[in-house]
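Contents: one structure, followed by commentary.
The values are calculated or read from the model by the stated rules, or taken from the named source; none is laboratory data. Nothing here was measured: the structure is a model prediction, and the numbers come from that model. Every residue, glycine as well, gets a Cβ built from its backbone with ideal geometry; the counts of neighbours run over all protein chains shown.
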Amino acid sequence: MDPLWLLVADWWWIGPAAAGTATLGWIGVLTQRERAKRPAAAGGLGRKTMSKGAARRLELDAAVLDLQSSRDAVARSRAEVQVAQAELARVQADSAASRVAPGAIAAARARVQAAQRQVRAAGADLRARRAGLKAAKATLPAIRAGRAMLPLDRLMAQHDALNARWLAYETDIDLQLAYPAMSDARSPLLAVFLREQSQAQWLRPSSSSVRVTPADFLAYRDAVRRAGHAFDDAEREARRQAGEAPPRTTDAASEMWSQMAQTLGDNAQRAVSDSVRAMSRAAKDRFDRARSSRASSDDAPRRPSGGDDPTPPSDPVWPVPGRDRPYDR
C-alpha cells in the first residue's frame, strides 16, 4: 500500500479534532465579548449608579411593595379560612352519615381556628405595613431637603453599628471574660445571630450609590432587622448568664414612634382642653346675654296696649246699696 494512504489512515482524526477545537475557541471568544458588553449595556446590580430620585424614593417604593405583599398574604389567608370552613362542613356532613372517624370534626375545627388566627396575624402585619408606608411618606420631604440620610445610607449605617457591637465582644478582652457566651460559636443564640449576620452581609450592596431595586432593599432591610433581633437575644442571654440585668435598648425607629405617639397625645389633649374652654366660654356668654336681656325687659316701663284700660280700678263699694222694689212704692 502507498505510504501516503497509510499516513492518512492513521491520522485521519486530526482534521475533525482541529476543526472542533477551533469552533469551541471561537464560541468562547464570542461569549467573553458578550459578557464584557453586558454590564455596560444592561448595567447589572452593583455596577450602575442609582439616580437621586430613585435613591430618595427607595424606602417609599419598598414600603409600597411590602404593603402589596402583605395584602396578598391577607387574601391568601382568607381563602384558606374558606377552604377550612368548607372542609369542616364536608366532615360534618360525612359524620351525619357515619362515614368519618370520631376525631375528624375536632381536627377540622382546629384547622378552621388555625386559619382564623392566621388571618388575624396577617391583618396585624398589614396594619404594621401601612404604618411603615406612612412613616416612609413622612420622612420623604426631609430626605428631599437634605436634612435626613438616604434610605440605603441609613440602613447600611444601622448594619455597620450592629457589626461594631458584635466586634466589640470579639476584640475586647474584658468583654470576652465578662460575657464568654458572646464569643462562643457553640452558643445557640449566637449561632442564630451569625447565620442572620452572614445573610445580611451577603445581601449588602457594594456601596450606597449602586442601583438597588425595592425588592433587594426589602430583603436587605429584613435581614438586618433579623440580625439585630438575634443579637439582642444573644446579648440578653449572655448578660443573664453573667448575673446582670440586660440593658434596655431602644432602636431609633421605636424611639421615633414613641416620640410621635407622645406628640400626638399631647396635641390631642391640648385640642380637647381648648375645645372645652371654648364651649364653656360660649355657654357663659349666651347665659350672660339671656340674663341681661331678661333684666332689661323687667326694668322697662310697660306701655298700655290698645285694649288695656289706662285708669286704675277703684275700690269696691261695700255694702251694696239697696234698690227700690216696685211693691214698696
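Numerical summary
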{"item": "Single residue of Ala36, Ala73 found to be outside the structural domain of Leu155 (by TED's automatic domain parsing), assigned to a helix (DSSP H, G or I) and modelled with pLDDT of 65 or more", "result": "Ala73"}
{"item": "Residue match in region 129-140 (condition: in contact with a Ser or Thr (Cβ under 7 Å, 6 or more places away or on another chain) and within 17 Å of Leu58 (Cα to Cα))", "result": "yes"}
{"item": "Qualifying residues in region 194-219 (those that are hydrophobic (A, V, I, L, M, F, W, C) and not in a helix (DSSP H, G or I)) - the one surrounded by the fewest Cβ atoms within 10 Å (Cβ to Cβ)", "result": "Val210"}
{"item": "Qualifying residues in region 158-193 (those that are small (Gly, Ala, Ser) and part of a helix (DSSP H, G or I)) - the one farthest from Ala227 (Cα to Cα)", "result": "Ala178"}
{"item": "Residue list for region 77-128, filter: in a helix (DSSP H, G or I) and either touching a Gly at 6+ places or on another chain (Cβ under 6 Å) or β-branched (Val, Ile, Thr) (or both)", "result": "Val81, Val83, Val91, Ile105, Val112, Val119"}
{"item": "Pair list, Cβ < 7 Å and 6+ apart or interchain, from region 48-69 residues that are surrounded by 19 or more Cβ atoms within 10 Å (Cβ to Cβ) to residues that are of a type in the set (Phe, Trp, Tyr) and in a helix (DSSP H, G or I)", "result": "Leu58/Phe217; Ala62/Phe217"}
{"item": "So Arg195, is it over 26 Å from the mean Cα position of the chain (by Cα) and at pLDDT 90 or above", "result": "no"}
{"item": "Every residue from region 84-112 that is surrounded by fewer than 13 Cβ atoms within 10 Å (Cβ to Cβ) and modelled with pLDDT of 90 or more", "result": "Ala86"}
{"item": "All positions within region 129-156 that are assigned to a helix (DSSP H, G or I), over 16 Å from the mean Cα position of the chain (by Cα) and over 19 Å from Ala223 (Cα atoms)", "result": "Pro141, Ala142, Ile143, Arg144, Ala145"}
